[in-house]
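Student: Submitted below is the structure of interest, expressed as structure tokens.
Each reported figure results from applying straightforward, stated rules to the coordinates on display, with no laboratory input. Just so it is clear, the structure is predicted and the values come from calculations on it, not from any experiment. Positions of Cβ are backbone-derived with ideal geometry, glycine not excepted, and every protein chain shown enters the neighbour counts.
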Amino acid sequence: MTSRLGLDFFINLVAAGLARGTPILFATLGGIITERSGVMNLGIEGMMLVGAMTAFSTARSTNNALLGVCTGMLAGATLALAYAIVVVHLRADQVESLMSLEGALSRRPRVLCPPTTVVRKPSTPHDRYGNGAVQEQPHHR
């Protein structure tokens, strides 16, 4: 019984590792391609993060997963294009331009991914602890 349990755990662990590691594998392949072209892109993870935040907030607000994926890809591609224009066309320093781009984006997380928590007002009056409706208190003399 314990050998079967150990085998199931190992199979589930490998399956979860493959599922969770695939996006990082794609980012690594993109990084290898950019390194071979002569551009050092240290912001691949940041571009993935911006794409993921944009995709999540769009899919959550529109209830459309396909639109979320498309806007996430567009957001990541826009950042990559901005970095490529600055580095390749304007011949700026690769590390300094990346740091300035990351610094500019780190100050705007609420614009890129607004809060998704919705606070609803109760329809009936509640006490200040939220335990139920407010009841009349007896008067003591």
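Student: Give, in nm to one decimal, the length gained when the segment between R91 and A65 is fully stretched (0.36 nm per residue of separation minus the Cα-Cα distance).
Tutor: Extending this stretch completely gives an extra 5.6 nm.
Student: Give me the percent of Cα-Cα pairs in region 46-111 that sit more than 13 Å apart, rounded to a whole number.
Tutor: 64 percent
Student: On full extension of the chain, what length is gained from A77 through V14, given 0.36 nm per residue of separation minus the C-alpha to C-alpha distance?
Tutor: That pair, A77 and V14, stretches by 19.6 nm at full extension.
Student: Pick out, from G72, G21, A59, the residue whose Cα sits farthest towards the positive end of the charge dipole of region 11-96, with +1 on the Cβ of Lys and Arg and -1 on the Cβ of Asp and Glu.
Tutor: Looking along the dipole axis, the top candidate is A59.
Student: Let me ask another. As an exercise, identify the trypsin sites (Lys or Arg not before Pro) in region 27-95 lying in DSSP coil whose Cβ has no more than 14 other Cβ atoms within 10 Å.
Tutor: Here the sparse-neighbourhood loop sites are R91.
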